[in-house]
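Chemist: To start, I am sharing the structure in question, which I have written as structure tokens.
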Amino acid sequence: MNITRRTFVSQIGLAGAVIGFPTIIPSRVLGADAPSKKINILQIGCGRIGRDMDMPGLLRQDAARLVALCDLDALRLADGKEMVEGHYQKNNAGIKVATYGDYREALRHPDIDAVSISTPDHWHAEPIMAAALLGKDIYVQKPLTMTLTEGRAVSDIVREKKRMFQIGSQQRSGAQFRITCEMVRSGRIGKLHTVKIGLPSDPAGGSTQEIPVPKTFNYDMWLGCTPLAPYTVDRVHSQGATVKERYAQRPGWLRLEEYCLGMITGWGSHHVDIAHWGMDTELTGPVAIEAKAEFPTSGLWNVHGPYHIEMSYANGATIIIDHNFPNGVRFEGSDGWIFVTRGAERVTASDPVPKGAAAKALQASNPDIFKTPLGKDDVHLHESPKGDHHLDWITSIQTRKPAATSIEQAHRSTSACITGWIGMKLGRRLTWDPVKEKFAGDDAANALLSRTERAPYGLSHLKKG
């Protein structure tokens, strides 16, 4: 993507632009609490994951302020403004939050230091690229992108612009996941040969009945680079009558391949990231993929149902992903195994609740594996301050040192999931080159690495400038 900052600036009319922005009057304006000492953050997307995870995670950071919100749904934007301003009012900080219906307009303001992106998957790549080109640091929900081509483009530009980056793979900041990966990489279970990953699955269904688009919702822009499609609530998100109803359930877009590839990237990007961390394969990918899956034949929703994937790596290890496995990551070596999961922790109310043995966050074939502390010559991995994923990003912005997950690591875990999805779609063995990021001699598979983008949205149209 040969896009430059100048090209992007000209596209959104940034040069010489002057727009309204809230007057920020903090309760204390001296020392560490001076406005100039705070990191001003724009929140893009005020839906379920934004309300349940990212906005609360950022609001508790003393060094940061949420000063602007953006959403294409005016109801969600109003809900977000009420939530954020209510928080600051309770904490005696006179902060009025600016609201926008177009993230590009919000990015114009020079006082914005960083962006938090909590949008549907098909709306990750473009704001990442835009923010990087304008010198903003970036937090984005997982998975990194919808396609491998997008992932390569945004990884390249974020690294070129030296932006501090974090992705919503919060398991990296969980002590049990870090300790597991340290133990595995330090040889506590011998030579690693297999990693078994259990993920949930999605149901079929969804109404195909077209209904009028709400006047409060910019549906055309929500579709973005994807094809035009009839509006139905089951395609997008709830328009519930109350705040609780609007965010209680998983939105329908998570079950449509136009906007999300399903659980293989939705939860898979979490667990494959941990698998890569423990395997020491964070900057590469599989060399072969064999996969199968069932896909719905009726209803609106079309993401995969039951599935089985096996991905072979050059180091001799194999990742096996199956809907029948317990939700978590099991590392198996010549001398034992370790199983790690979130336990009873849930980010959103709709997260799956583990049962039985899987409810325990950390298990091993031999409990003595954890009794001996790691020595100075063992592997010690990045430890997030206070185990707080958002604080880890804020600290990265302050120190200009990498956060728990770099954008290239995020791209590699997402791209491994995407190759698994392509394997599920084609149902045959695929050979993958993780250096060239291409399938060997397979035009049909390579065609699924990118998608046609509807103008004026998408990286390809941003590039044309």
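The values are calculated or read from the model by the stated rules, or taken from the named source; none is laboratory data. Here the structure is a predicted model, which is why all the values come from computation and not from measurement. For neighbour counting, all protein chains shown are included, and Cβ atoms are generated from backbone atoms with ideal geometry for every residue, glycine included.
Chemist: Within the stretch 242-262, work out how many residues are outside any loop (DSSP other than H, G, I, E, B) and either within 17 Å of Pro227 (Cα to Cα) or touching a strand residue (DSSP E or B) at 6+ places or on another chain (Cβ under 8 Å) (or both).
Modeler: Final tally of qualifying residues: 4.
Chemist: Let me ask something else. Which residue pairs have Cβ atoms closer than 9 Å, lie 6 or more positions apart in sequence or on different chains, and pair a first residue in the stretch 89-103 that is over 17 Å from Leu75 (Cβ atoms) with a second residue that is polar (S, T, N, Q) and outside any loop (DSSP other than H, G, I, E, B)?
Modeler: Listed pairs, sorted by first residue: Ile95/Gln89.
Chemist: Let me ask you something else. Return yes when Pro385 is modelled with pLDDT under 95 and loosely packed, with under 14 Cβ neighbours inside 10 Å and no when it is not.
Modeler: no
Chemist: List pairs: first residue in the stretch 55-74 and farther than 14 Å from Asp137 by Cβ, second residue assigned to a strand (DSSP E or B) and of a type in the set (Gly, Ala, Ser) anywhere in the structure, Cβ distance under 7 angstrom, at least six positions apart or on different chains.
Modeler: Close Cβ pairs (under 7 Å, with a partner that is assigned to a strand (DSSP E or B) and of a type in the set (Gly, Ala, Ser)) amount to Val67/Ala98; Ala68/Ala98.
Chemist: With respect to Ile418, is the statement that it is surrounded by 14 or more Cβ atoms within 10 Å (Cβ to Cβ), modelled with pLDDT of 95 or more and over 25 Å from Gly262 (Cβ atoms) true?
Modeler: For Ile418, the condition - surrounded by 14 or more Cβ atoms within 10 Å (Cβ to Cβ), modelled with pLDDT of 95 or more and over 25 Å from Gly262 (Cβ atoms) - is not met.
Chemist: A further question on this structure: For the structure I just gave you, tell me whether His276 is in contact with a strand residue (DSSP E or B) (Cβ under 8 Å, 6 or more places away or on another chain), closer than 17 Å to Ile197 by Cβ, in a helix (DSSP H, G or I) and touching a residue at least 60 places away in the same chain (Cβ under 8 Å).
Modeler: Criteria not met by His276.
Chemist: Spot the failing condition for Ile422; the list is (1) in a helix (DSSP H, G or I); (2) farther than 23 Å from Val272 by Cα, and only one is missed.
Modeler: The single condition Ile422 does not satisfy is (2).
Chemist: Somewhere in the stretch 388-395, is a residue in contact with a His (Cβ under 9 Å, 6 or more places away or on another chain) and at pLDDT 95 or above?
Modeler: Within the stretch 388-395 (the criterion being in contact with a His (Cβ under 9 Å, 6 or more places away or on another chain) and at pLDDT 95 or above), the answer is yes, since at least one residue qualifies.
Chemist: Still on this model: Out of curiosity, is Ser173 under 30 Å from Tyr103 (Cβ atoms), under 25 Å from the mean Cα position of the chain (by Cα) and modelled with pLDDT of 95 or more?
Modeler: Yes, satisfied.
Chemist: Which ones in the stretch 388-413 are β-branched (Val, Ile, Thr) and surrounded by fewer than 15 Cβ atoms within 10 Å (Cβ to Cβ)?
Modeler: Within the stretch 388-413, Thr399 is the sole residue that qualifies.
Chemist: Residues in the stretch 86-97 that are aliphatic (A, V, I, L, M) and surrounded by fewer than 19 Cβ atoms within 10 Å (Cβ to Cβ): how many?
Modeler: So the answer is 1.
Chemist: Please identify the pairs in which a residue from the stretch 445-462 that is at positive phi has its Cβ atom under 6 Å from the Cβ atom of a residue that is outside any helix (DSSP H, G or I), counting only partners at least 6 apart or on another chain.
Modeler: Gly458/Cys225
Chemist: Is it true that Ala440 is touching a helix residue (DSSP H, G or I) at 6+ places or on another chain (Cβ under 9 Å), more than 19 Å from Thr265 (Cβ to Cβ), of a type outside the set (Lys, Arg) and modelled with pLDDT of 95 or more?
Modeler: Here the answer is no, as Ala440 does not meet what is asked.
Chemist: I would also like to ask the following. Does Ala241 satisfy the condition of being aliphatic (A, V, I, L, M) and farther than 18 Å from Arg76 by Cα?
Modeler: Here the answer is no, as Ala241 does not meet what is asked.
Chemist: Checking the condition without any contact (Cβ under 8 Å) to a residue 40 or more places away in the chain and under 20 Å from Gly206 (Cα atoms), which residue from Glu245, Glu258 passes?
Modeler: Of Glu245, Glu258, the one residue that is without any contact (Cβ under 8 Å) to a residue 40 or more places away in the chain and under 20 Å from Gly206 (Cα atoms) is Glu245.
Chemist: A further question follows. Among the residues that make up the stretch 89-97, is at least one of them modelled with pLDDT of 50 or more, within 24 Å of the chain's Cα centre (by Cα) and under 30 Å from Arg250 (Cβ atoms)?
Modeler: Looking for residues that are modelled with pLDDT of 50 or more, within 24 Å of the chain's Cα centre (by Cα) and under 30 Å from Arg250 (Cβ atoms), one finds none in the stretch 89-97, hence no.
Chemist: Something else: Determine if the stretch 442-458 includes at least one residue that is in a helix (DSSP H, G or I), over 23 Å from the mean Cα position of the chain (by Cα) and charged (D, E, K, R).
Modeler: yes
Chemist: Moving to a separate point now. In the set Lys196, Lys244, Lys215, which member is closer than 30 Å to Phe177 by Cα and either among the charged types (D, E, K, R) or modelled with pLDDT under 95 (or both)?
Modeler: Lys196
Chemist: Turning to a different aspect of this structure: Hey, could you check the stretch 289-347 for residues that are crowded, with 20+ Cβ neighbours inside 10 Å and polar (S, T, N, Q) and say which is nearest to Ala248 (Cα to Cα)?
Modeler: Going through the qualifying residues, I end up with Asn327.
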